[in-house]
Amino acid sequence: MPPTVSPEAQTWLESLNHSTTGPEPLAERRKRTDAWRAQDSAEAKKLYPVNIEETTTAGVRTDIIMPLSMPDENRGRVLINLHGGGFNSDSGSLIEGVPIANLAKIKVVSVYYRLAPENPFPAAVDDVVAVYKELLKTYKPKSIGMFGTSAGAILNCEVTAKLKQLGLPLPGALGIFSGMADFSRPGDSWQLFTLNGFPGVLEPTDPKHPHESEYAAKTDRKDPVLSPLFSDLQGWPPSLSITSGRDILLSGTTIFQRALLANGNDAQLVVFEALPHAFWYHFQLPETKEALGLMAKFFEEKVEK
């Protein structure tokens, strides 16, 4: 185990060597992620107390996550959370939204967008755009932040590309936490790591062809909304990208962050040492506490009051 991470992270990494992962039917995957999400959502709420209201926004199922106390200056600010789960399950909605609402003391709207394969691209994009347009009736665009992990990070970028395409005002800040913006080719980390870093089933793909994706389906992989790397990146909101050294989407995150910088944008990047994909879902790690603190601080600084 690398001595450069916390003892808790070393213990977790060691445990991953004994886990068995591999292809599973979608129904089983959803059953497993639903159970894991329920367990870790309860843990998130225990560690980061908030109030949660289940509702709909613009006809889309949402959770409204409210901090127990909110400074008056934050009442005009809101964050949109887009959960991870590979676009075909929900593995993190409350796990992601609860800590940020608590730490940033800002209202979070967690969006349960439609899932593939039943609803491939652009269904999820359309759902989030609808929620965003509804929030624009109450909030200034610069007072809206948007963030997500994994599939949610990808969707975050896709929605921003779509908003610009539609001529709508862009949000005030983006949190791109372990994402990518190019479905047309696999990055190097995709060929090197599994979801658990080194352990697990490694399925490299032909570098000349994109990996199979029920989400992308028959869409041109260089479509500028599906793959925002090919969109107009001028004038994008300030962004914070977070990834880690054994993240399957390390390449995707860093490639897009460089593209944002090349287009003159305020684009911060933090790469954690040695940890695998979306490690901040695991609350026992000191690195998780650090990552969540960075996320909250970013929104506190960049989303207008």
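The values are calculated or read from the model by the stated rules, or taken from the named source; none is laboratory data. Everything numeric here is computed off the predicted structure, so don't read it as measured data. Cβ sites come from the backbone with ideal geometry, for glycine too, and all protein chains shown count toward neighbours. The area values use the complete protein model at the heavy-atom level, side chains included, leaving out ligands, DNA and RNA. Shrake-Rupley method; radii C 1.70, N 1.55, O 1.52, S 1.80 Å.
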Name the one entry in GLU96, GLU54, GLU73 that is in contact with a strand residue (DSSP E or B) (Cβ under 7 Å, 6 or more places away or on another chain), in contact (Cβ under 8 Å) with a residue 12 or more places away in the chain and among the charged types (D, E, K, R).
-> GLU96
Which one of the conditions (1) in a loop (DSSP other than H, G, I, E, B); (2) open to solvent by 10 Å² or more (accessible area, probe 1.4 Å) does ALA181 fail to meet, given that it meets all the rest?
-> (2)
Mind checking whether some residue in segment 27-36 is closer than 21 Å to GLY148 by Cβ, open to solvent by 50 Å² or more (accessible area, probe 1.4 Å), of a type in the set (Phe, Trp, Tyr) and in contact (Cβ under 8 Å) with a residue 24 or more places away in the chain?
-> yes
Determine if segment 97-111 includes at least one residue that is buried (at least 17 other Cβ atoms within 10 Å of the Cβ), farther than 17 Å from LYS45 by Cβ and among the hydrophobic types (A, V, I, L, M, F, W, C).
-> yes
Which ones in segment 106-125 are in contact (Cβ under 8 Å) with a residue 40 or more places away in the chain and over 15 Å from the mean Cα position of the chain (by Cα)?
-> ILE106, LYS107, ALA116, PRO117, PRO120, PHE121, PRO122
Any idea which of LEU136, LEU168, LEU226, LEU233 is among the hydrophobic types (A, V, I, L, M, F, W, C), more than 26 Å from VAL98 (Cβ to Cβ) and open to solvent by 10 Å² or more (accessible area, probe 1.4 Å)?
-> LEU168
When the residues of segment 195-223 are filtered to those that are open to solvent by less than 30 Å² (accessible area, probe 1.4 Å) and out of contact with any helix residue (DSSP H, G or I) (no Cβ under 9 Å at 6 or more places or on another chain), which remaining residue is nearest to PRO2 (Cα to Cα)?
-> SER213
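Return a yes/no flag: does segment 95-105 have any residue that is more than 16 Å from the chain's Cα centre (by Cα) and under 19 Å from SER239 (Cβ atoms). Before the answer, list the steps.
Initial filter on segment 95-105 (more than 16 Å from the chain's Cα centre (by Cα)): 102-105.
Add one more test, that the residue is under 19 Å from SER239 (Cβ atoms), and what stays is 103-104.
Yes, segment 95-105 has at least one match.
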Does ASN156 satisfy being modelled with pLDDT of 95 or more, outside any helix (DSSP H, G or I), under 12 Å from the mean Cα position of the chain (by Cα) and under 25 Å from GLY235 (Cα atoms)?
-> no
Among the residues of segment 96-140, write down those that are out of contact with any helix residue (DSSP H, G or I) (no Cβ under 7 Å at 6 or more places or on another chain) and among the hydrophobic types (A, V, I, L, M, F, W, C).
-> ALA101, LEU115, ALA116, PHE121, ALA123, ALA130, VAL131, LEU135, LEU136
Tell me, which residue of segment 260-280 that is open to solvent by 20 Å² or more (accessible area, probe 1.4 Å) and assigned to a helix (DSSP H, G or I) is nearest to GLU304 (Cα to Cα)?
-> LEU261
Please work out if ILE248 is among the hydrophobic types (A, V, I, L, M, F, W, C), surrounded by fewer than 20 Cβ atoms within 10 Å (Cβ to Cβ), under 20 Å from GLN191 (Cβ atoms) and within 17 Å of the chain's Cα centre (by Cα).
-> no
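This table checks each residue for (1) within 21 Å of LYS302 (Cα to Cα); (2) free of Cβ contacts under 8 Å to residues at least 40 places away in the same chain; (3) of a type in the set (A, V, I, L, M); (4) in a helix (DSSP H, G or I).
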{"residue": "ASP127", "(1), (2), (3), (4)": "no, no, no, yes"}
{"residue": "LYS133", "(1), (2), (3), (4)": "yes, no, no, yes"}
{"residue": "LYS142", "(1), (2), (3), (4)": "yes, no, no, yes"}
{"residue": "MET146", "(1), (2), (3), (4)": "yes, no, yes, no"}
{"residue": "ALA161", "(1), (2), (3), (4)": "yes, no, yes, yes"}
{"residue": "GLN165", "(1), (2), (3), (4)": "no, no, no, yes"}
{"residue": "LEU170", "(1), (2), (3), (4)": "yes, no, yes, no"}
Quick check: is even one residue across segment 226-245 in a helix (DSSP H, G or I) and of a type in the set (Val, Ile, Thr)?
-> no
Pair list, Cβ under 8 Å, 6 or more apart: segment 1-21 residue of a type in the set (Asp, Glu), other residue open to solvent by 90 Å² or more (accessible area, probe 1.4 Å) | GLU8/GLN284; GLU14/MET1
